[in-house]
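Asker: Dropping the structure in here first, questions after.
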Amino acid sequence: MNYYNEIKNRLIDNEIYSRVKDYSKERQKGITYFEIGKLLNEAGGKYGDNIIDEYSKKLVIEVGKQYNRRTLFRMKQFYSVFSNKKVTTMLTQLTWSHYLLLLPLDDYDEILYYINISKNNNLTQRQLQEKIKAKEYERLPEDTKTKLKIQDKIEIKDLVPNPIIIKNSNNYEIISEKVLQKLILEDIESFMKELGDSYSFIGSEYKIKIGDRNHYIDLLLFNIKYNCYVAVD
């Protein structure tokens, strides 16, 4: 097999496809780049690791400058990460831009977590980047990680990171309970995102009556996905 010609032709086909079917071009890249990664891996095994340097120099001239050494390396890395996994359908679930954010991660379970939440919540590239930067997966309880790995039933409390990151925009040095509540309310949207997905804000100091006494809930939220109220005290 002439690996270079095969790779070149697939990249040319991908360029044509991206112009004709613009709505799905980013998702098509996942399949194309996975297949090219496989070819690069095979070519490297046969001709040596410097094959990426050799191919990239020609592809930049003959197909486009975007197919430089770094891009080809990412394709090979993409194949290496997912080659032994059952990911046939997964390759079209996210865009190539999403996968580029995931490739630097070492833990496949972490990668799979971000793939699933990106797919299920239709996360943009920027939203995914924010979750990775905030180390959302790392802050999940170990029991939750185990449940995700064995695909056990997940409850609403399982997906709450620990610790929760709350922005201290005013740089308070002493964080009392009152100040903490103030910080949460100042950016309630970020707080709800920290808790997980599908939350909506009901109110603060929310009054409920139990028996003959009134009680006040510091924050009352509602989770649409799980159809339940969440009280934060």
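Asker: Specify which of the listed residues (SER18, SER97) is surrounded by fewer than 16 Cβ atoms within 10 Å (Cβ to Cβ), at pLDDT 85 or above and assigned by TED's automatic domain parsing to the domain that holds GLN125.
Answerer: On the way: SER18 fails: at pLDDT 85 or above.
Criteria check complete, one pass: SER97.
Asker: In addition: Go through the residues of the stretch 204-217 one by one and say whether even a single one is surrounded by 14 or more Cβ atoms within 10 Å (Cβ to Cβ) and either over 24 Å from ILE156 (Cβ atoms) or of a type in the set (Lys, Arg) (or both). Before you say what the answer is, go through the steps one by one.
Answerer: To start, the set of residues in the stretch 204-217 that are surrounded by 14 or more Cβ atoms within 10 Å (Cβ to Cβ) comprises 204, 206, 217.
Keeping just the survivors that are either over 24 Å from ILE156 (Cβ atoms) or of a type in the set (Lys, Arg) (or both) gives none.
No, the stretch 204-217 contains no residue that is surrounded by 14 or more Cβ atoms within 10 Å (Cβ to Cβ) and either over 24 Å from ILE156 (Cβ atoms) or of a type in the set (Lys, Arg) (or both).
Asker: Can you work out which of the residues in the stretch 103-153 that are among the acidic types (Asp, Glu) and in a helix (DSSP H, G or I) is farthest from SER80 (Cα to Cα)?
Answerer: We begin by selecting, within the stretch 103-153, every residue among the acidic types (Asp, Glu); these are 106-107, 109-110, 130, 136, 138, 142-143, 152.
With the extra rule that they be in a helix (DSSP H, G or I), the set shrinks to 109-110, 130, 142-143.
On the way: ASP109: 15, GLU110: 16, GLU130: 25, GLU142: 27, ASP143: 28 Å.
Top of the filtered list is ASP143.
Asker: With the condition kept exactly as written, say whether any residue in the stretch 166-180 is loosely packed, with under 14 Cβ neighbours inside 10 Å and in a helix (DSSP H, G or I). If you could, list the steps in order and put the result at the bottom.
Answerer: Going through the stretch 166-180, the residues loosely packed, with under 14 Cβ neighbours inside 10 Å turn out to be 167-178.
Now drop any that are not in a helix (DSSP H, G or I), which leaves 177-178.
Within the stretch 166-180 (the criterion being loosely packed, with under 14 Cβ neighbours inside 10 Å and in a helix (DSSP H, G or I)), the answer is yes, since at least one residue qualifies.
Asker: Tell me, please, whether a residue that is farther than 30 Å from LYS135 by Cβ and among the hydroxyl-bearing types (Ser, Thr, Tyr) can be found in the stretch 76-93. Spell out the reasoning first.
Answerer: So in the stretch 76-93, the residues farther than 30 Å from LYS135 by Cβ come out as none.
No, the stretch 76-93 contains no residue that is farther than 30 Å from LYS135 by Cβ and among the hydroxyl-bearing types (Ser, Thr, Tyr).
Asker: I'd like to verify a number: residues in the stretch 181-217 that are β-branched (Val, Ile, Thr) and in a helix (DSSP H, G or I), how many?
Answerer: We begin by selecting, within the stretch 181-217, every residue β-branched (Val, Ile, Thr); these are 184, 188, 202, 208, 210, 217.
In the following step, the residues that additionally are in a helix (DSSP H, G or I) were identified as 184, 188.
So the count comes out to 2.
The values are calculated or read from the model by the stated rules, or taken from the named source; none is laboratory data. None of these values were measured; they are calculated from a predicted model. Backbone-built Cβ (ideal geometry, glycine too); neighbour counts: all protein chains shown.
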